[in-house]
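The values are calculated or read from the model by the stated rules, or taken from the named source; none is laboratory data. These numbers come from a predicted model, not from an experiment. Because the Cβ atoms are built from the backbone with ideal geometry, glycine has one as well, and the counts that use them run over all protein chains shown.
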Amino acid sequence: MPEVLRAPLVVEFPFTRSLGPVQSAFLTGLRERTVLGVRTGDGRVLVPPVEYDPVTAEELRELVEVHATGTVTTWAWNPAPRSQQPLARPFAWVLVRLDGADTALLHVLDAPGPDAVRTGMRVRVRWAAERTGAITDIACFEPYGSEPAPLPRAHNGSFPRTAAGPAAEAVTGIVAPARLDYTYAPGRAQSDHLAALAERRIVGERCPSCRKIYVPPRGACPTCGVATGEQVEVGPRGTVTTFCIVNIKAKNLDIEVPYVYAHIALDGADLALHGRIGGIPYDEVRMGLRVEPVWHDGARHPDHYRPTGEPDADYDTYKELL
Amino acid sequence: MTRYEAPYGRDIAVVAFAQTCHRRRSDELSEVEMLMPVLHQVLEATGLRTGDIGFTCSGSSDYLAGRAFSFTMALDGVGAWPPISESHVEMDGAWALYEAWVKLLTGQADTALVYAYGKSSPGEVRDVLTRQLDPYYAAPLWPDSVALAALQAQALIDAGEAGEPELAGVAARSRRAAAANPHAQLQGEVPRGEYHVRPLRVSDCPPVGDGAAAVILAAGERARELCGRPAWIRGMDHRIEAHALGVRDLTRSPSTRLAAERAGAFRRPVDTAELHAPFTSQEIVLRRSLDLDDRVRVNPSGGALAANPVMAAGLIRIGEAAARIHRGESDRALAHATSGPCLQQNLVAVLEGEADAR
Ligand SMILES: [Zn+2]
């Protein structure tokens, strides 16, 4: 068995979401250094505010302004911050009940050490220097000895730039970037397949039950649900069973459009794999076309497949593989 | 014991259970390669073939290993051709089992295969689990799973309901029990270690690892044909709490309590409970919510503190409880599964064996 292959894999995506009226007011407020809550039917003030009552599901719209000071209701000391967390130095995770609110907000507390943190301690918001309308507009909380401030005040959810001026534009959506890092390992069957490809051999695996040969192998026969294991070299020549013409250029892909992407039944295989067809005008590719792989120096897999020049395969020879 | 009257019109039982030996890494196996042996074990135990199964349901998450549509690849291990009746939940397999149970109750199937798998080793599970949180207010802060559990543990300590010694006691008892569990990843004496996120030490947290599990359910007489002592599901329910952590009382689990009531857990005492408590503090919260005292054997398998293959660990609780009934080591057991941060969503199943079927 060849060594287990591993490769870094990064999954990165911006999470783009629109906001309801309450969330919009809250995040607009953070940008304007104001914390808003929402009042429920039974008079409780929820911070952070939500669009619907978590108990009754009643629609909530009555905004109030709470204070930027509050009380820690529970905490946890994080000695080793992870890369995307708000502070790079050790900090405390906290739930903070802001003055005027009845519920607590999750955030982080910048404190010198765990001995400086306790439940019940008084803290205040430290605003981020640049604010965009996101929960991270609160950079963190910081210790701040003060008496609990009075009750919340009514707020209409809009934020005039000046006393008489027009309202600042409301935040209507968020874009939250996310990145997850993985070390991908393809498993036994695919490792074997990739190891053979590095030697320019295309190796599939045979099902011990139905005798079908799968290329590329995934380790199991999807018909029988049993492990494949017997390795069988197939191809290198094969037949185009079906194809499509790609007209839109993919990002980061250096292939001119239009080009043909095809299902190719390699000789000896019982399942078609897919690959790009080159060496022939795109509008001359057809079902039954005989092709062979083209390898580039240093590549671990065929770059594309090109016509062999043989007569086209008879439909009956590949119709079961469509 | 008199023959039980099925409350839902149909008796459904767990008739087979299998799990992998859970490990920190399994780089040499793809997900389907890891899963297939446990599928074969439950089929072999019952003598069923894939074609005999009426319904198949699985639980997994593509985010864990970063493999898009990995659950469709996993189906290769089932043998899904000719087409089978199949479903998938992006949740722990315990919820897949719930779906299969409902399917069997409707009478649309007599047998079901339920499986779950999780490979945490390719990624950083603490980071991955942040992606299940509220995307507006929580996820941008990347609060990892240990941090959120630590906030809950501190709340429990502040409320005077547990101290670090009690947490250490849960950790030690779980790993001691796991010494008899050949599938466990962490067994025996485990040092308490440094604070992971204070107040939780390394030993208060579950091991990170890869694993899979499978269960077969069967209805009525079919269950008796397939298993010497079926583990009858007397009730099952799942409930969820508000998603904002600051709205909840983290020292209580009202959703577990309600699910247990609806599952009939309090009608008679249970002798065994398999609780899905990945963190020591969460076992204390669950015990209190379920009124479990010292007469109940809690997590004889070692629980999630001994092996926590994410997405399978809840299904394994149901499987472990059922297996004890199969072996005659329990007559009435409670199985619990959780999902989300700080015990946000909870499922409770009550399983029984018949006295004359020992
Ligand atoms: Zn086969």
(message) Only one of B:R176, B:R192, B:R257, B:R252 is surrounded by fewer than 17 Cβ atoms within 10 Å (Cβ to Cβ), away from chain A (no Cβ under 13 Å), farther than 27 Å from B:E44 by Cβ and out of contact with any strand residue (DSSP E or B) (no Cβ under 7 Å at 6 or more places or on another chain). Can you tell me which?
(response) B:R176
(message) From the list A:P208, A:P217, A:P177, A:P186, exactly one residue is within 16 Å of the ligand (Cβ to nearest atom) and under 30 Å from A:E12 (Cβ atoms). Which is it?
(response) A:P217
(message) I'm trying to understand the selection: among the residues of the range B:58-101, which are away from chain A (no Cβ under 14 Å) and in contact with a Pro (Cβ under 7 Å, 6 or more places away or on another chain)?
(response) none
(message) Just to be sure I understand the filter: pairs with C-beta atoms under 7 Å, separated by 6 or more residues or on different chains, first member in the range A:213-236 and in contact (Cβ under 8 Å) with a residue 12 or more places away in the chain and more than 9 Å from chain B (Cβ to nearest Cβ), second member within 12 Å of the ligand (Cβ to nearest atom) and among the aromatic types (F, W, Y). Which pairs pass?
(response) A:T228/A:Y214
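Table: residues versus (1) buried (at least 24 other Cβ atoms within 10 Å of the Cβ); (2) under 19 Å from B:A150 (Cα atoms); (3) in contact with a Lys or Arg (Cβ under 8 Å, 6 or more places away or on another chain); (4) among the acidic types (D, E).
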position: B:E274; (1), (2), (3), (4): yes, no, yes, yes
position: B:T280; (1), (2), (3), (4): yes, yes, no, no
position: B:E283; (1), (2), (3), (4): yes, yes, no, yes
position: B:R288; (1), (2), (3), (4): no, yes, yes, no
position: B:L292; (1), (2), (3), (4): no, no, no, no
position: B:R295; (1), (2), (3), (4): no, no, no, no
position: B:N308; (1), (2), (3), (4): yes, yes, no, no
position: B:G314; (1), (2), (3), (4): yes, no, no, no
(request) Kindly provide the set of residues from the range B:3-18 that are aliphatic (A, V, I, L, M) and modelled with pLDDT of 95 or more, ordered by number. (result) B:I12, B:A13, B:V14, B:V15, B:A16, B:A18
(request) Kindly indicate whether any position in the range A:151-171 is at pLDDT 90 or above, under 30 Å from A:V226 (Cα atoms), more than 16 Å from the ligand (Cβ to nearest atom) and within 14 Å of another protein chain (Cβ to nearest Cβ). (result) no
(request) Only residues that are of a type in the set (A, V, I, L, M, F, W, C) and more than 13 Å from chain B (Cβ to nearest Cβ): list them for the range A:17-65, please. (result) A:L63, A:V64
(request) Please tell me if B:R201 is within 30 Å of B:V78 (Cβ to Cβ), in contact with a Phe, Trp or Tyr (Cβ under 9 Å, 6 or more places away or on another chain) and either at pLDDT below 95 or basic (K, R) (or both). (result) no
(request) Give me the pairs, please: first residue somewhere in the range A:80-91 and at the interface with chain B (Cβ under 7 Å from one of its Cβ atoms), second residue anywhere and β-branched (V, I, T), beta-carbon distance under 8 Å, and either six or more positions apart or on two chains. (result) A:Q85/A:V108; A:P86/A:V108; A:P86/A:T136
(message) So for the range A:191-203 (the condition being within 14 Å of chain B (Cβ to nearest Cβ), closer than 30 Å to B:P82 by Cβ and either in a loop (DSSP other than H, G, I, E, B) or more than 16 Å from the ligand (Cβ to nearest atom) (or both)), does at least one residue qualify?
(response) yes
(request) Under 6 Å between Cβ atoms, at least 6 apart or on separate chains: pull out the pairs that start in the range A:263-275 with a residue that is in contact (Cβ under 8 Å) with a residue 12 or more places away in the chain and end on any residue that is in a strand (DSSP E or B) and among the polar types (S, T, N, Q). (result) A:H263/A:T241; A:H263/A:T242; A:A265/A:T239; A:A265/A:T241; A:A272/A:T241
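List the helices (runs of 4 or more DSSP H) inside the range B:50-167, counting only whole elements, that have at least 1 residues being closer than 26 Å to A:P222 by Cβ and in contact (Cβ under 8 Å) with a residue 40 or more places away in the chain. Outline the logic, then answer.
Working: elements: B:62-65, B:70-74, B:93-105, B:125-128, B:145-158.
The helices (runs of 4 or more DSSP H) meeting that bar are B:62-65, B:70-74, B:93-105.
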(message) Out of everything in the range B:325-358 that is in a loop (DSSP other than H, G, I, E, B) and at pLDDT below 95, what residue ends up being surrounded by the fewest Cβ atoms within 10 Å (Cβ to Cβ)?
(response) B:R358
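With A:D110, A:D99 as the choices, which residue is in contact (Cβ under 8 Å) with a residue 40 or more places away in the chain, acidic (D, E) and more than 12 Å from every other protein chain (Cβ to nearest Cβ)? Steps first, please.
Details: A:D110 fails: in contact (Cβ under 8 Å) with a residue 40 or more places away in the chain.
Answer to the check: A:D99.
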(message) Take the conditions within 24 Å of B:V38 (Cα to Cα), surrounded by fewer than 22 Cβ atoms within 10 Å (Cβ to Cβ), in contact (Cβ under 8 Å) with a residue 40 or more places away in the chain and touching a strand residue (DSSP E or B) at 6+ places or on another chain (Cβ under 7 Å) and apply them to B:L226. Does it pass?
(response) yes
(message) When the residues of the range A:228-270 are narrowed to those that are closer than 30 Å to A:R188 by Cβ and in contact with a helix residue (DSSP H, G or I) (Cβ under 6 Å, 6 or more places away or on another chain), which ends up farthest from the ligand (Cβ to nearest atom)?
(response) A:T239
